[in-house]
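J.: This structure is in structure tokens; I'll ask about it shortly.
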Amino acid sequence: MANNGFEQPVFKIQSDEMQRLLDALRQNGYRTLGPIIKDEAIVYDEISTVGDLPRGWTDEQGPASYRLVKRNDDAYFGFNVPAQSWKKFLYPSERELFRVRRDSRVQSPSENRESSLKYAFIGVRPCELKAISIQDRVFTSTEYKDESYSGIRHGLFIVAVNCTSSGDDCFCASMKTGPMAKRHFDLSLTEVIAPSEHYFLVEHGNELGASFVRGLNATEASEAEMNVAGDLIERAGKQTRRIEIDRTPELLSARLDHPEWNVVAKKCLTCGNCTLVCPTCFCSTVEDTTDLIGSFATRRRKWDSCFTLDFAKVAGGNFRMTSRSRYRQWVTHKLSTWVEQFGTLGCVGCGRCITWCPVGIDIISEVQKITET
Ligand code: SF4
Ligand code: SF4
């Protein structure tokens, strides 16, 4: 039965049980990955102890603006979304596909090492869970199944963390992707720092998750504790920034000649940063290279972006020569044509493209200008 958004049963662990959870995951063969501080930003990387987490830090984000700020408590997950998304592990920026040797003419597909990987993602935000489920549709559900992605996904254990605060660029509430995780996790945590204790509420999404809860010093959460956590999550969902998703897909498709596309094109550097940080963007290219004496050739897959000049180059020319057409393609794909293609929007409201655009182009403002005027 629902209680402040929680599905029963809900357990409570003290904050120092986090180390026991990490240890249990590692003992079960998982490589634990989570948020750390690196280069003055929160990013995802390998973690082995809770000391690796950005404890006591938060981030302030805005258009073309990001900085870390010390909190006045010891929250493990007291920040918003990290600079990078989980796609760097699920869909690495570069991967060797195969090699061809001149002497044997044998084409050797690169070993599918990913099928044996066991990753545990620690601290997946609700919007990121949705992003992973969107990439699942792209890479695992179509006739063009990506074996590498599917292999990593198969061995993945997800520890979600509900949001108890929102950044200035977050708009997950309007996209219906946050601030509370409902599905697609093995475990879901809500961090609570009360005057006299620091604890997590824990939900499990399946039997595998439940087996890890049984290994922790967990008690059943009281209704009052669920109410406290539910209030924190509800407060995080009171975001001022929003996109009206019911009307946007249709309006965007109908306004391909809106003058705002020209205005934003004058600012856009076509650098592609927005697509690199976006947790759902998936475009790639292939690149062939040979060794110096030409004894073998290697084909590699690399992330690409619809903002690069060569992306739309085909026999006969380039069908997106201008920054206007490239920016318009990106936004209309995310928030309109993606629905026809994959049955879901391609944006989860994480706000990364706003924060990390070097000139502060703000997808929310642009969509509002184009759909509301
Ligand atoms: S919108 Fe911003 S991040 Fe994206 S390509 Fe243009 S300048 Fe770069
Ligand atoms: S388009 Fe921007 S806000 Fe939407 S999911 Fe991508 S990075 Fe996040």
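J.: Taking a point 7 angstrom from the Cα of Lys118 along the C-beta vector, which residues in region 12-53 have backbone N less than 12 Å away?
T.: 24-32
J.: State to the nearest 20 debye the size of the charge dipole of region 12-151 about its Cα centre, where the only charges are +1 on K and R beta carbons and -1 on D and E beta carbons. The partial results should precede the final answer.
T.: On the way: 22 positive and 22 negative charges, 68 e Å.
Dipole size: approximately 320 debye.
J.: Given +1 on the Cβ of Lys and Arg, -1 on the Cβ of Asp and Glu, and no further charges, what dipole in debye does region 52-125 carry about its Cα centre, rounded to the nearest 20?
T.: On the way: 14 positive and 10 negative charges, 70 e Å.
In debye, rounded to 20, region 52-125 gives about 340.
J.: How much length is gained on full extension from Lys238 to Thr373, taking 0.36 nm per residue of separation minus their Cα-Cα distance? Could the numbers behind the result be given before it?
T.: On the way: separation 135, 0.36 × 135 = 48.60 nm, distance 2.54 nm.
Between Lys238 and Thr373, full extension yields 46.1 nm more.
J.: Then there is this: If we count chymotrypsin sites (Phe, Trp or Tyr not before Pro) as exposed when they sit in a DSSP loop and have at most 11 other beta carbons within 10 Å, what is the longest stretch of the chain that avoids them all?
T.: 145-318
J.: Want the number for Ser93 to Arg26: 0.36 nm per residue separation, take away the alpha-carbon distance, what's left? Don't jump to the answer; show the numbers that get you there.
T.: Values: separation 67, 0.36 × 67 = 24.12 nm, distance 2.53 nm.
That pair, Ser93 and Arg26, stretches by 21.6 nm at full extension.
J.: Next up: Can you work out the accessible area per residue across the chain, with the rest of the protein chains kept in place, probe 1.4 Å, in square angstrom?
T.: Numbers: 17500 Å² over 373 residues.
In whole numbers, the chain has 47 Å² accessible per residue.
J.: If you roll a 1.4 Å probe over region 253-373 with all protein chains in place, what percent of the accessible area is carbon or sulfur?
T.: The nonpolar share, carbon plus sulfur, comes to 57 percent.
J.: Any idea which of Tyr76, Ile122, Tyr144 is furthest toward the positive side of the dipole for region 74-182, if Lys and Arg beta-carbons carry +1 and Asp and Glu beta-carbons -1?
T.: With unit charges placed on the Cβ atoms, the residue in question is Tyr144.
J.: Given the DSSP H assignment, sum -39500 (n - 2.57) over each helix run of at least 4 residues in the chain and divide by its residue total; what's the result at 222 nm in deg cm²/dmol, nearest 500?
T.: Working: 14 runs with 113 residues, N = 373.
After summing the helix terms and dividing by the residues of the chain, the value is -8000 deg cm²/dmol.
J.: Another one. How about region 243-275: which GluC sites (Glu not before Pro) there lie in a loop by DSSP and see at most 16 other Cβ atoms within 10 Å? Don't skip to the answer; put the middle values down first.
T.: Numbers: sites: Glu244, Glu250, Glu260; in loops: Glu244.
Qualifying residues, ordered by number: Glu244.
J.: What distance in nm lies between label points placed 7 Å from Cα along the C-beta direction at Asp310 and Ser48?
T.: Simple spin-label model gives 4.0 nm for this pair.
J.: Which number gives the lysine pairs in region 1-159 that have C-alpha atoms under 23 Å apart and are eight or more places apart or on different chains?
T.: Going through region 1-159 pair by pair, I get 12.
J.: Full extension from Thr322 to Glu197: what is 0.36 nm times the residue separation minus their Cα-Cα distance, to one decimal in nm? Before the final figure, lay out the partial values.
T.: Values: separation 125, 0.36 × 125 = 45.00 nm, distance 5.61 nm.
Going from the current span to full extension adds 39.4 nm.
J.: Additional query: Springs between alpha-carbon atoms under 10 Å, Gaussian network over the chain: tell me which of Ala194, Ala120, Ala131 tops the mean-square fluctuations.
T.: Taking springs between Cα atoms under 10 Å, the residue moving most is Ala194.
J.: Let me know the charge dipole size of the chain about its Cα centre in debye, to the nearest 20, where only the beta-carbon of Lys, Arg (+1) and Asp, Glu (-1) is charged. Intermediate results must be reported in sequence, preceding the final value.
T.: Working: 47 positive and 49 negative charges, 276 e Å.
I would put it at about 1320 debye.
J.: Okay, next question. How far is helix 223-236 tilted off the main Cα axis of the chain, in degrees rounded to 10, range 0 to 90?
T.: The angle comes out at about 30 degrees.
The values are calculated or read from the model by the stated rules, or taken from the named source; none is laboratory data. What you see is a predicted model, and the numbers here were worked out from it, not measured in a lab. Positions of Cβ are backbone-derived with ideal geometry, glycine not excepted, and every protein chain shown enters the neighbour counts. Surface accessibility is based on the protein's heavy atoms, side chains included, excluding ligands, DNA and RNA. Shrake-Rupley method; radii C 1.70, N 1.55, O 1.52, S 1.80 Å.
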